[in-house]
1. Sort through Leu644, Leu726, Leu712 and tell me the only one that's part of a helix (DSSP H, G or I), among the aliphatic types (A, V, I, L, M), out of contact with any strand residue (DSSP E or B) (no Cβ under 7 Å at 6 or more places or on another chain) and surrounded by fewer than 19 Cβ atoms within 10 Å (Cβ to Cβ).
2. For the stretch 599-607, state whether one or more residues are more than 45 Å from the chain's Cα centre (by Cα), surrounded by fewer than 16 Cβ atoms within 10 Å (Cβ to Cβ), acidic (Asp, Glu) and modelled with pLDDT of 90 or more.
3. Identify the residue in the stretch 647-662 that is touching a Ser or Thr at 6+ places or on another chain (Cβ under 8 Å) and farther than 14 Å from Ile742 by Cβ and, among all such residues, is surrounded by the fewest Cβ atoms within 10 Å (Cβ to Cβ).
4. May I ask you to verify whether Met575 is crowded, with 24+ Cβ neighbours inside 10 Å, of a type in the set (A, V, I, L, M, F, W, C) and within 21 Å of Ile597 (Cβ to Cβ)?
5. Scan Lys708, Lys688, Lys718 and give me the residue that is without any contact (Cβ under 8 Å) to a residue 40 or more places away in the chain and within 19 Å of Arg636 (Cβ to Cβ).
6. Of all helices (runs of 4 or more DSSP H) completely enclosed by the stretch 174-242, which ones contain at least 2 residues that are more than 37 Å from the chain's Cα centre (by Cα) and surrounded by 21 or more Cβ atoms within 10 Å (Cβ to Cβ)?
7. Counting only residues that are surrounded by 23 or more Cβ atoms within 10 Å (Cβ to Cβ) and basic (Lys, Arg), give me the helices (runs of 4 or more DSSP H) lying completely in the stretch 406-481 with at least 1 of them.
8. Condition check: touching a strand residue (DSSP E or B) at 6+ places or on another chain (Cβ under 8 Å), modelled with pLDDT under 90, at negative phi and surrounded by fewer than 19 Cβ atoms within 10 Å (Cβ to Cβ). Does Asn766 satisfy that?
Amino acid sequence: MASKSHNQNSFQIPSNEFSLSNTRHRQSAPPQQSTTIAQKLAAASVISTRRVEPDLPSPPSEHPHKLPDSKSSGRLCVFRLVAAAAGVLLTGDSFVRCGMVMVTARILLSDMVLVRMRKVKGIRVLDMGMVWKKEWKLITPVIKASIPIPKPTKFNQEQTPFIPFSQLQHIKHLESQLISTLENCTNLPQIKQTHAYIIRKCLHQSSYITAKLIRTLSKVNIPMQSNGVSIFSQVNYPNAFLYTSLIRGYMIDKLFKESVIVYNSMRRDGVIPVSFTFTALLKASASEMNLNFGRQIHGESLKLGGFGVDLFVGNVLIDMYLKCGWLDCGRKVFDEMPERDLISFTTLIDAYAKAGDMGSANELFVKLPVKDMVAWTAMVTGFVHNAKPKEALEFFEKMQSEGVQTDEVTLVGVINACAQLGAIKYANWVWEVAKKSGLSPANDVHVGSALIDMYSKCGSVEDAYDVFKCMHEKNVYAYSSMIIGLAIHGRANSAIELFEEMVKTDVRPNDVTFIGVLTACSHAGLVDQGQRLFKMMEKFYGVKPCVDHYNCMVDLLGRTGRLEEALKLIQSMPMEANAGIWGALLGACRVYGNPDIAEIGATHLFEMEPVNIGNYILLADVYAKAGRWEDVLRVRKLIRKKGLRKSPAFSWVEGEKGVIHEFYAGDTTHPRSREIIESLENLVNRLKLNGYEPNLSSVVYDVSDEEKRRILMNHSEKLALAYALLTADDGSGIRIVKNLRICEDCHLFMRGASRVTGREIIVRDNMRFHHFRDGMCSCCNFW
């Protein structure tokens, strides 16, 4: 047997000296009349790699497939006994399940017996073609299916080497050696050497070995058109496994049409498919998103009988329907399967999670008898992808309590949940779990990059930088995550310095890296440096600017008041501007009070996002700053006419023991609601002594000023701040996360609160981070 480590020069072939060449031209002596039936069978046994049948007329009978008479039946029983002694299964006049088709071989005895050894689902089967003593006519087996039987070919003694049963085991041993050798082949020259050895040993007609040879060609990425088809065509009578290997090879080569042609040829030749045939074709259908062909193959598997209950075919059917977007059909296949395994459940759980139906996913998860790491991971990542970080962390805690092992995929999913939630205590806990699981960021660059992103989104850019420094290997994702983290926290200079450090190494920046560094330039107002980086992206680094890079540049120009220049850049873009770009321009117009350009941006936004009330509010603010109150009323009437309402705003803050507390606008359901209101009123009184006055323009509804003040005092981020002041340690920082953009009044309120309380208040809205210290914000009042 060949060694597992090969090179082209030291490749070895199995050292079995047994060969069929010694018996190739040996003529079989005619049997004597006194010889017993058992002796005739042993003497006339053949191992043939091709089907051999005499080309003679049909038997003289109106019923050519009539069962033998009693005398013949008795002789057939003797043959069965001899075959049983040889350790094989004789295909006689009883039904034998071959694949999924019932085959009846009705045999008449004579002086000559043609024997062929084969395997059916792991069972050694002895096929016997028997001819009459005088008539020399062959009774062909009857296959009960509408498949044409190939015409018998002429018998050629020289092509059919006769060997005794005692040497069959040597042949099987040689086949096993060749299979093992093919598994260890790593390049085409080695495969060619093995193929030559197969031909020399007269095993090139073996479908079993040839199928393995074709699969080996696929493994080393040798195209089927050049080599696989040539090898396949040399086999006179390929079986289902050989056809399947060629179908699978075409599938790997992305030649879907050719794989279908091979299957059609297989059916025309009367070869019955096996389960591997259907799984290969269904996988090809899924990769091509060809639902119609997949449904046809589904029908074929049911028509041939039995494959509808096959576990592996059922799992591939589920996967095919899911990849083609037919979730209901995949569920129906699942419900009709008599046997299901972890793959069946997990595939469907993952599909429900991607479709946003976590209720159905959880229902299947509960029914799963044994929940392994893959099933738990599917649920955790499903909650993360559907923006349900609390549920994801709850499932991960249960997973830890069950003692299920954590891998890299699970951990990255949990890290993303912490990033969405912005809970620093959960983030520290996840880092400890990563260390205990042997997935330290120092050695795993993927986990390290995810941790950097997590700490950045949790408001602790210092911890993110500590993770970055401890990483032994830093790729482009690690650098990009750190640059973006510094940028969104307003540390533009540090982000630009890290970018300059990166380009001095072997790590080349990608499109995400430039988004981060351009964002940093935007937050710092570094127009010249930002424009220089934007121009050198494609010229020096081969990164073609996309719509996100233009978004950064429009934001950069808008922050510095270059509104006309920003508009010209949008109009010169090689692609269509999206809502983010027009929104950045409209936001800049609100800051610098340019209603003319604001109307241009708002017109595009109303077409792209007709139900986004935030765009209408921004335009109304621009009109209000310009003193155009009639236009303000017109926009507010438009809001009422369209029936637009703001999405429910809510904020959350991390309390004692890492518990997340959520607050909605005007929320009074919290157990400590009375204390929260008292704390908020006390804080408002302290702020008023320092000159705070609510910004009533933040309320777009046509209500009284007193009602506007009441609405503003019940905003969710103010309630979250009041609760944090009740529970947080003295002098500690406060981190608040809000699902929407922070309004102008709350931004002003947080600035004043950071001064009178002496605390750092970090607010993460859907735009960026705001670090409030001593009455100032890191965004420089532009967001």
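1. Numbers: Leu644 fails: part of a helix (DSSP H, G or I); Leu712 fails: surrounded by fewer than 19 Cβ atoms within 10 Å (Cβ to Cβ).
Answer to the check: Leu726.
2. There is no residue in the stretch 599-607 that is more than 45 Å from the chain's Cα centre (by Cα), surrounded by fewer than 16 Cβ atoms within 10 Å (Cβ to Cβ), acidic (Asp, Glu) and modelled with pLDDT of 90 or more.
3. Step one: of the stretch 647-662, the residues touching a Ser or Thr at 6+ places or on another chain (Cβ under 8 Å) are 649-651, 655-656, 662.
This time we only want the ones that are farther than 14 Å from Ile742 by Cβ, so: 655-656, 662.
Details: Gly655: 18, Glu656: 9, Glu662: 17.
Per the criteria, the residue is Glu656.
4. No; evaluated as a whole, the condition is false for this residue.
5. Details: Lys688 fails: within 19 Å of Arg636 (Cβ to Cβ); Lys718 fails: within 19 Å of Arg636 (Cβ to Cβ).
Only one candidate passes the filter, namely Lys708.
6. none
7. 445-457
8. yes
The values are calculated or read from the model by the stated rules, or taken from the named source; none is laboratory data. This one's a predicted model, so the numbers in the text were calculated from it and none came from an experiment. As a convention, Cβ positions derive from the backbone with ideal geometry for all residues, glycine included, and neighbour counts pool all protein chains shown.
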